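Reviewing the structure listed below.
The values are calculated or read from the model by the stated rules, or taken from the named source; none is laboratory data. The structure displayed is predicted, hence computed values, not measured ones. FYI the Cβ positions are ideal-geometry reconstructions off the backbone, even for glycines, and counts take in every protein chain you see. Surface accessibility is based on the protein's heavy atoms, side chains included, excluding ligands, DNA and RNA. Shrake-Rupley method; radii C 1.70, N 1.55, O 1.52, S 1.80 Å.
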Amino acid sequence: MTVEVKELPGEPIIVFHASLPHNPEDDIRIGLQGTVDFKKKMGAHVYRVIDLSKFNLTFSEAMMGMAAERNSEGGVNDPEVSTIYVGSGEWVTFGVKAFQEQAQYGKTNVIHVCSTVDEGIAFARADIEKKKN
């Protein structure tokens, strides 16, 4: 398995660390199912931080991941999930921009891209606080 899943205790935030060797189909399936399970456990809106910083996605991996995420429970169109991507690779930033701006992906909840997991967690916490007020 190339995805490590970490729930933040007492917070609606889950972190997925993807690493090599990378198996796109398995990694995406694990991420989506982990998000669905976490969302059910929390019973409320959740934030998922997806760490793709350990490797550079290829164009085909990025496209496959984007297609799988679309219209899947726990994915980028799930209204109960806000997604934050971590990574600076060309295809990570391309994918995030596409999710945020291109009509073919529908209304996505990709809210941020950043360079570290800590930054992603901090962004999620700040968004949670902002929505409380």
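A few points about this structure:
- Criterion applied to GLU73, GLU80, GLU90, GLU69 was being of a type in the set (D, E, K, R) and open to solvent by less than 20 Å² (accessible area, probe 1.4 Å), and the one residue passing it is GLU69.
- Residue pairs whose Cβ atoms lie under 8 Å apart, separated by 6 or more positions or on different chains, with the first residue in segment 97-121 and free of Cβ contacts under 8 Å to residues at least 24 places away in the same chain and part of a strand (DSSP E or B) and the second of a type outside the set (A, V, I, L, M, F, W, C) and surrounded by fewer than 12 Cβ atoms within 10 Å (Cβ to Cβ), do not occur.
- THR83 in contact with a Ser or Thr (Cβ under 9 Å, 6 or more places away or on another chain), assigned to a helix (DSSP H, G or I), under 17 Å from ILE14 (Cβ atoms) and modelled with pLDDT of 90 or more: no
- Conditions (1) at pLDDT 90 or above; (2) part of a helix (DSSP H, G or I); (3) within 25 Å of ALA126 (Cα to Cα); number of the one not met by GLU11: (2)
- Tally of residues being without any contact (Cβ under 8 Å) to a residue 60 or more places away in the chain and open to solvent by 20 Å² or more (accessible area, probe 1.4 Å) across segment 1-23: 12
- Check on ARG48, crowded, with 21+ Cβ neighbours inside 10 Å and either of a type in the set (Lys, Arg) or in a strand (DSSP E or B) (or both): yes
- Any chance VAL36 is at pLDDT 90 or above, open to solvent by less than 40 Å² (accessible area, probe 1.4 Å) and of a type in the set (A, V, I, L, M): yes
- Counted residues, segment 57-76 - those being under 17 Å from ARG29 (Cβ atoms) and not in a helix (DSSP H, G or I): 8
- Test: SER60 is farther than 16 Å from ALA18 by Cα, surrounded by fewer than 20 Cβ atoms within 10 Å (Cβ to Cβ) and of a type in the set (S, T, N, Q): yes
- Of the numbered criteria (1) within 26 Å of GLU129 (Cβ to Cβ); (2) loosely packed, with under 14 Cβ neighbours inside 10 Å, the one GLY31 fails is (2).
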